[in-house]
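Notes follow the structure.
The values are calculated or read from the model by the stated rules, or taken from the named source; none is laboratory data. Treat the numbers as computed from the prediction; the structure is a model and nothing was measured. All Cβ positions, glycine included, derive from the backbone under ideal geometry; neighbour counts span all protein chains shown. Surface areas here come from the heavy atoms of the whole protein model, side chains and all, with no ligands, DNA or RNA. Shrake-Rupley method; radii C 1.70, N 1.55, O 1.52, S 1.80 Å.
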Amino acid sequence: MTKNSYDAIIIGAGFSGLYQLYKLRDQLNLNCRVLEKGSGIGGTWYWNRYPGARCDTESHAYTYFFSEEIFQEWEWSERYPGHAEIRKYLNYVSNKYSLNKDIQLDTEVISATYNEKNNLWILKTKNDETFTTKFLITAVGCISTTNVPDIKGLNKFEGEYYHTGNWPKNDVDFSGKKVGQIGTGSTGIQAAPVIAEKAKHLTVFQRTPNFSVPARNNTLTKEFKKYVKNNYNELKSLVKETPNGHAFRISEKLTFDVGEKEREQKYEEFWEKGGLQFRGVFKDIITNKQANDSASNFLKKKISQVVKNKEFAKILTNFDHPYGCKRPPIDTNYFETYNRDNVHLVDIKKDPIIEIDKTGIKTEKNYFKLDTIVFATGYDAMTGTLINLNITGENSLKLKDYWNEGPKTYLGLQIAGFPNMFTITGPGSPSVLTNMPTAIEQHVEWITNCISFMIKNDFKKITTSEKESVEWGKQVKEAADKTLLPTVKHSWYLGANIPNKPRVFMPYAGGLPTYTKICENIKNNNYKGFLFY
Ligand code: NAP
């Protein structure tokens, strides 16, 4: 095999890329290379270092389960791991299995082209290197292409500006600064309280209010750490059994199975527990509008009680979507932040941003002088990064063109016309509707089994058909339509946050166990829907 020629190339060195490398290299003995754009490993957590960046999944679930040894050796310090601790964890895993030697950092893939004659993928990088590989596996994450809105005059701004998803590696010093933050999704909700503590003044520009439940983060006690270590098998089973891959169950009770008093008590109990678990308070919250209204009203009441400024409280609770139907944020003192003297909130639906000039942001009715602007404006999620890789398949088919009307995949794992290419947590898989490491492990293991099957049977090529992809697309739509998720107007699940992006509900909403079963059945049925040559 010549230099830069591999059995498998994996793009990305986050949770998915590291595990995929381990499986293909150490289990199947393939000659592998990971190409990573960043100067370090960590994927999402390499780039997201903004103030307050931490995971919304509890640490005892935001972890690899494939190795009990890792699980027992590693100890998380907080209920929700911070970005630096997650990077430390992934570096520990990487060192443990000597993954680093097969990871090439500072290497951005700028194109991937399938060569039909040789049945190989040819990859070009920004530093002018060429790689060839039999199997191409994208491990690029679902939310990695940042969205900086095209606001008139941004290039004239003389202060500093940052997108949260591309945060500088050194701390940004906000002290004495007037900061403007645009965006109040999961990221903005984490960032604002921390920025407000450091900055002279913070102005938050909110387009759409977002529900958020207190995270109730804490340092883990010795007892809890012991409980986690003693329950590896139980926790491993639990994350695989629950629809969203978290280590908590969703109640079997329906909202109106219980009387008003009990319902309120339940809401209070889950509000106190904190975090994403609030979604599990009743079974029908994201499927029944009346049930959702009940939970949404509870949250609205809670938020209004926290925020003292009545005008701000109104702006923060003027919801346009059902709770949990956009990715629900969780927070540490987000709503409390609006009680600080140095924080101001602007409703840009009523007073839209017109332009940015040398010294600040101009809205229709006001002007805000700023030293720093923080864009917490989200991502071209699920498809953006894959499309930006400039992937070309059989018959010169470009992924960008094939997905012109929205992503089409078979199981979110393969794309018709792009042989020997696998997409870890691709569109059409549960991915972002679940705890990512759980979804990643399922995909990586399925892909590894599939490649192993090919090797055993001496198959050189796997592909899928347009027909299967269209059929799977229907199942993805049907699963979403059983919920209230597609009713949201502005949701990145639907691509609605990116101008001109086709409106398609991208993740599979039927739950991880159902999806896993479908994938297993397909595997056990000689990979039905896949074609081997
Ligand atoms: P997001 O949920 O897409 O939120 C982006 C925010 O920016 C929204 O408030 C949006 O307003 C606003 N915005 C976008 N374009 C705008 C424009 N042109 N003008 C004004 N406002 C604009 O992005 P995110 O908060 O970065 O979160 C993305 C996802 O990352 C999350 O949903 C979650 O899955 C993941 N995440 C995970 C964690 C974690 O686990 N630790 C933390 C953070 C994020 P509209 O709502 O009106 O569009």
* Classify region 389-533 as rounded, prolate or oblate, taking a ≥ b ≥ c as the square roots of the eigenvalues of its Cα gyration tensor: rounded when a/c is under 1.5, otherwise prolate if a/b is larger than b/c and oblate if not. => oblate
* Any idea what angle helix 466-481 forms with the longest principal axis of the chain, computed on alpha-carbon atoms, 0 to 90 degrees, nearest 10? -> 20 degrees
* Shape category assigned to region 115-186 from the gyration tensor of Cα positions, a/c cut at 1.5 -> prolate
* Rounded if a/c is under 1.5, else prolate if a/b is larger than b/c, else oblate: which is region 379-418, with a ≥ b ≥ c the root eigenvalues of its Cα gyration tensor? -> oblate
* Asked: Given +1 on the Cβ of Lys and Arg, -1 on the Cβ of Asp and Glu, and no further charges, what dipole in debye does region 1-103 carry about its Cα centre, rounded to the nearest 20?
  -> 480 debye
* Structure fact -> Whole-Hz Karplus couplings 3J(HN,Hα) for region 28-34, θ = phi - 60° and coefficients 6.51, -1.76, 1.60, Gly and Pro as x, run 9, 6, 7, 8, 10, 9, 9
* Structure fact -> Put ARG33, ARG327, ARG207 in order of accessible area, largest first, probe 1.4 Å, and you get ARG207, ARG327, ARG33
* To do: Take the solvent-accessible surface of the protein heavy atoms, probe 1.4 Å, and return the percent of it on the chain that carbon and sulfur atoms account for.
  => 48 percent
* So what are the ³J(HN,Hα) numbers for region 169-174, from phi and the Karplus equation (6.51, -1.76, 1.60; θ = phi - 60°), rounded to whole Hz, Gly and Pro as x? -> 6, 9, 4, 8, 8, 9
* To do: Find, to one decimal place in angstroms, the Kirkwood hydrodynamic radius of region 181-258, where the mean of 1/r is taken over every pair of different Cα atoms and then inverted.
  => 16.5 Å
* Structure fact -> Looking only at lysines whose Cα falls under 21 Å of LYS200's and that sit 8 or more positions away or on another chain, we get LYS177, LYS178, LYS308, LYS358, LYS362, LYS369
* To do: Please report, in whole Å, how far the alpha carbons of region 260-349 spread along each principal axis, starting with the longest.
  => 40, 27, 22
* Farthest toward the dipole's positive end in region 161-247, which of ASN218, ILE189, TYR162, given Cβ charges of +1 (Lys, Arg) and -1 (Asp, Glu) about the Cα centre? -> ASN218
* Asked: Picking from SER429, MET506, PHE532, whose Cα lies most toward the positive end of the charge dipole for the chain (charges on Cβ: Lys, Arg +1; Asp, Glu -1)?
  -> MET506
* To do: Set Lys and Arg Cβ to +1 and Asp and Glu Cβ to -1, take the dipole of the chain about its Cα centre, and tell me which of PHE282, ILE361, TYR62 lies farthest positive.
  => ILE361
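Per residue, how much accessible area does the chain have with a 1.4 Å probe, in Å²?
Details: 22740 Å² over 533 residues.
Spelled out: the 1.4 Å probe surface of the chain, per residue, equals 43 Å².
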* ARG49 accessible area, nearest 10 Å², 1.4 Å probe? -> 40 Å²
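If R0 is 35 Å, what FRET efficiency do you get for GLU405 and PHE453 from their C-beta distance, rounded to 0.05?
That gives a FRET efficiency of 0.65.
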* Gap in Å between the Cα centre of region 168-232 and the Cα centre of region 480-515? -> 26 Å
* Asked: In the chain, how does Rg compare with the Kirkwood Rh, expressed as the Rg/Rh ratio over alpha carbon atoms?
  -> 0.96
* Structure fact -> Once ASN318 and GLU73 are pulled to full extension, the length gained, defined as 0.36 nm per residue separation minus their Cα-Cα distance, is 83.6 nm
* Using θ = phi - 60° and Karplus 6.51 cos²θ - 1.76 cosθ + 1.60, couplings along region 90-99 (whole Hz; Gly, Pro as x) -> 5, 5, 5, 4, 4, 5, 4, 9, 6, 6
* Are any of the pairs LYS300/LYS350; LYS236/LYS460; LYS236/LYS523; LYS23/LYS134; LYS310/LYS501 more than 25 Å apart by Cα-Cα distance, and if so, which? -> LYS236/LYS460; LYS310/LYS501
* Asked: Which angle from 0 to 90°, rounded to the nearest 10, does the C-alpha axis of helix 512-524 make with the longest principal axis of the chain?
  -> 10 degrees
